[in-house]
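Working notes, structure below.
The values are calculated or read from the model by the stated rules, or taken from the named source; none is laboratory data. Worth saying up front: this structure is predicted, and the values here are computed from it rather than measured. Positions of Cβ are generated from backbone atoms using ideal geometry, with glycine treated the same way; all protein chains shown enter the neighbour counts.
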């Protein structure tokens, strides 16, 4: 006997740059579809809003009829936590949990850094998407005619329509230039499998939302129906959206279920960083009808079972180590079924967690999906990753990162997304910790740090070399003739350090044993200063004399290294380098080449 198959609601996620209107679009879609005083027109699930097909049909009216298709999807399930954090946290085996996404772009501003990051995430997870070109009401000259979108657009002045088209085509151009993606305004799309649909809209005026819903519903029905088939009576499959502290009940988890049915008292297995969690459902909750779930005063009702696709809050024992993004599976109560579910859950976790034991940076994030996104972003830049796992930064992470320092200081790094330093963890001076809550910014911050680190290492390296220097022995400033000779000098160019070897005509004469200014010993002295120096192994009146011009005797290997680091030298030091090269090449024409 074949099990009953049903079509679930497609899961819709909303992404886009900050302030481009992700939350406003989602709020407007929900508000514009809620039938006044009618409980259940929109069901508030945990972490999601379920918009039934009847409500979509009522809102879209004749728009859906134009598609000439029979609908089997029960509606659309919008994930309530808009943005990259939610999208990247939510995954299932094989990619993103969302079946389809809305990318919100401000029609007036076009692409921004997070827009680009969002498209990268969508492409990597192979998630189909449409673009909501929001803030249509802010286009100069735009007047709202309070009618359907296309009628409204047609009623605009010709110059306004031209302005709208210009802004849309700028977005189309950015999509193609950067990603080689073809796109078109939704009513001009020839093939939804080859072109991305753009729907101009205004969350503020609730304009274009019917068209947005129509395109979403039509795409889901036409291209995704087979992927949305679920076994209604089968075991539940889901992903943890959030781990919460529930008053009087301890830890609870908010889960997006994408398959099967979950009942009170069912056995569930949750993927874990080290080992899976096996527990029993103590209680299931949904927000009360017409209660906004994000409101802290929301009332929750007990339910006996949850059927996919939906969001549900689960109360169960042993959830202390539960982490967002982890897979959840229900199973039969027997040992064999539990072992199989544990193996499935951990296989999915191990696909993401990394521990190569080789050199590379360390990545820590708050959820499995965000870990996957960070690994992908850094991997694309060819940055080696030694370990990637979940949770706060530990002493072990610090020790592992520090062990990279001697071999490669650029790998002595910990990247943390939405995580903090664990208790009693002492920061090492050799470990760079970069944390934040925007994935692409972590990479930017790392690349900026690498450049700065290169400069500081090169600056340190230059300090270990004999630097170019030129000085003159001052008249009437011979304080001791020999053993060692002590003379007053004027530093004409460069930096003179104690220990610097000295020459006059290409042959090393002596070295600077010490430097003194007004009875104070110095380790180095800059250009323009007059100081006394002691020079062992030479005698004034023989090897050196008043008004002699002396140079640092740069070893040839140091000279070659200095040429590579010349951006750190002053203009005068570079001139002295040329003079030193000319002196040395009188004896050896290829010296320092």
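The set of residues in the stretch 1-45 that are touching a helix residue (DSSP H, G or I) at 6+ places or on another chain (Cβ under 8 Å), within 15 Å of residue 78 (Cα to Cα), modelled with pLDDT under 75 and not in a helix (DSSP H, G or I) comprises 41, 42.
Could you list, in sequence order, the residues of the stretch 162-182 that are closer than 28 Å to residue 217 by Cβ and over 26 Å from the mean Cα position of the chain (by Cα)? 164, 165, 167, 168, 169 - these are the residues of the stretch 162-182 that are closer than 28 Å to residue 217 by Cβ and over 26 Å from the mean Cα position of the chain (by Cα). Can we say residue 363 is assigned to a strand (DSSP E or B) and either touching a helix residue (DSSP H, G or I) at 6+ places or on another chain (Cβ under 7 Å) or free of Cβ contacts under 8 Å to residues at least 40 places away in the same chain (or both)? Yes: the conditions hold for residue 363. Looking only at the stretch 570-583, residues that are in contact with a helix residue (DSSP H, G or I) (Cβ under 8 Å, 6 or more places away or on another chain) and touching a residue at least 40 places away in the same chain (Cβ under 8 Å) come to 3 in all. Check whether at least one residue in the stretch 322-329 is out of contact with any helix residue (DSSP H, G or I) (no Cβ under 8 Å at 6 or more places or on another chain) and either assigned by TED's automatic domain parsing to the domain that holds residue 375 or surrounded by fewer than 19 Cβ atoms within 10 Å (Cβ to Cβ) (or both), and report yes or no. Taking every residue of the stretch 322-329 in turn, none turns out to be out of contact with any helix residue (DSSP H, G or I) (no Cβ under 8 Å at 6 or more places or on another chain) and either assigned by TED's automatic domain parsing to the domain that holds residue 375 or surrounded by fewer than 19 Cβ atoms within 10 Å (Cβ to Cβ) (or both). With respect to residue 244, determine if the residue is surrounded by fewer than 20 Cβ atoms within 10 Å (Cβ to Cβ), more than 30 Å from residue 149 (Cα to Cα) and under 29 Å from the mean Cα position of the chain (by Cα). Yes, satisfied.
Among the residues examined, residue 504 does not qualify as touching a strand residue (DSSP E or B) at 6+ places or on another chain (Cβ under 6 Å), free of Cβ contacts under 8 Å to residues at least 40 places away in the same chain and surrounded by 14 or more Cβ atoms within 10 Å (Cβ to Cβ).
Answer yes if at least one residue in the stretch 463-470 is assigned to a strand (DSSP E or B), more than 21 Å from residue 386 (Cβ to Cβ) and in contact with a strand residue (DSSP E or B) (Cβ under 6 Å, 6 or more places away or on another chain), and no otherwise. Yes - at least one qualifying residue is present in the stretch 463-470.
Kindly evaluate residue 272 against the criterion of being assigned to a loop (DSSP other than H, G, I, E, B) and not assigned by TED's automatic domain parsing to the domain that holds residue 59. Spelling it out, residue 272 is indeed assigned to a loop (DSSP other than H, G, I, E, B) and not assigned by TED's automatic domain parsing to the domain that holds residue 59.
What about residue 165, is it surrounded by fewer than 18 Cβ atoms within 10 Å (Cβ to Cβ), touching a strand residue (DSSP E or B) at 6+ places or on another chain (Cβ under 9 Å), over 21 Å from residue 118 (Cβ atoms) and modelled with pLDDT of 90 or more? In short, yes. Name the residue that is farthest from residue 123 (Cα to Cα), counting only residues in the stretch 183-199 that are surrounded by 12 or more Cβ atoms within 10 Å (Cβ to Cβ) and more than 28 Å from the chain's Cα centre (by Cα). If we take residues in the stretch 183-199 being surrounded by 12 or more Cβ atoms within 10 Å (Cβ to Cβ) and more than 28 Å from the chain's Cα centre (by Cα), then 187 is farthest from residue 123 (Cα to Cα).
Take the conditions surrounded by fewer than 20 Cβ atoms within 10 Å (Cβ to Cβ), modelled with pLDDT of 90 or more and either part of a loop (DSSP other than H, G, I, E, B) or in the same structural domain as residue 566 (by TED's automatic domain parsing) (or both) and apply them to residue 533. Does it pass? Judged against the criteria, residue 533 is not a match.
Checking 466, 486 one by one, the residue that is in contact with a helix residue (DSSP H, G or I) (Cβ under 7 Å, 6 or more places away or on another chain) and in contact (Cβ under 8 Å) with a residue 24 or more places away in the chain is 466 and no other.
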